1. Within the range 72-82, is there a residue that is acidic (Asp, Glu) and over 18 Å from PHE10 (Cα atoms)?
2. If we scan the range 92-110, do we find a residue that is in contact (Cβ under 8 Å) with a residue 40 or more places away in the chain and hydroxyl-bearing (Ser, Thr, Tyr)?
3. Within the range 64-85, how many residues turn out to be closer than 12 Å to ILE21 by Cα and either among the aromatic types (Phe, Trp, Tyr) or touching an Asp or Glu at 6+ places or on another chain (Cβ under 7 Å) (or both)?
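Bear in mind that the values in this text are calculations on the coordinates, not laboratory data. Here the structure is a predicted model, which means the values were calculated and not measured. We place every Cβ from the backbone using ideal geometry, glycine too, and count neighbours over all the protein chains shown.
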Amino acid sequence: MDERHALGAFGALAQETRLQIVRMLVVAGPDGLSAGALAEKAGVSASNLSFHLKELDHSGLVRQHRESRSIIYTARYDALRDLVQFLLEDCCGGHPEICAPAVSAVSCCG
C-alpha cells in the first residue's frame, strides 16, 4: 500500500459512523451484512448509511454484492491487512520485540 492509499483509508476511517461500520463488517466475517442490517445496527438512516458506505467503498475498505433484493457489504480484509502492514512495515527501527504486542494482538487473523 502506498502513502496515498493509506491516507484515503485513514481519512475514511476518521469518522465515527464509518469506523463503526467497518468494525461491524469485520465482526460479521465473509458473509457480511445487508445495508438494512448495517443501518439498524449503526442507528442511522438509509440515506446516511449510503453516504458512508460510498466513502468506504471509494477508499477500498469495503465491497458490495447483490443477493436477491439485498445489497450485502463485506470488509475488504486484504485492504485492512495492507493498511496495518503499512503502519508496521518499518516497525521499531530494527527492534521487532517492540512491535511484538501489536503483532500478537492480530495473530488471531492468521
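1. No, the range 72-82 contains no residue that is acidic (Asp, Glu) and over 18 Å from PHE10 (Cα atoms).
2. Quick first cut of the range 92-110, residues in contact (Cβ under 8 Å) with a residue 40 or more places away in the chain only: none.
No, because not a single residue in the range 92-110 is in contact (Cβ under 8 Å) with a residue 40 or more places away in the chain and hydroxyl-bearing (Ser, Thr, Tyr).
3. First, pick out the residues of the range 64-85 that are closer than 12 Å to ILE21 by Cα: 73-75.
Next, only the ones that are either among the aromatic types (Phe, Trp, Tyr) or touching an Asp or Glu at 6+ places or on another chain (Cβ under 7 Å) (or both) stay: 73.
So the count comes out to 1.
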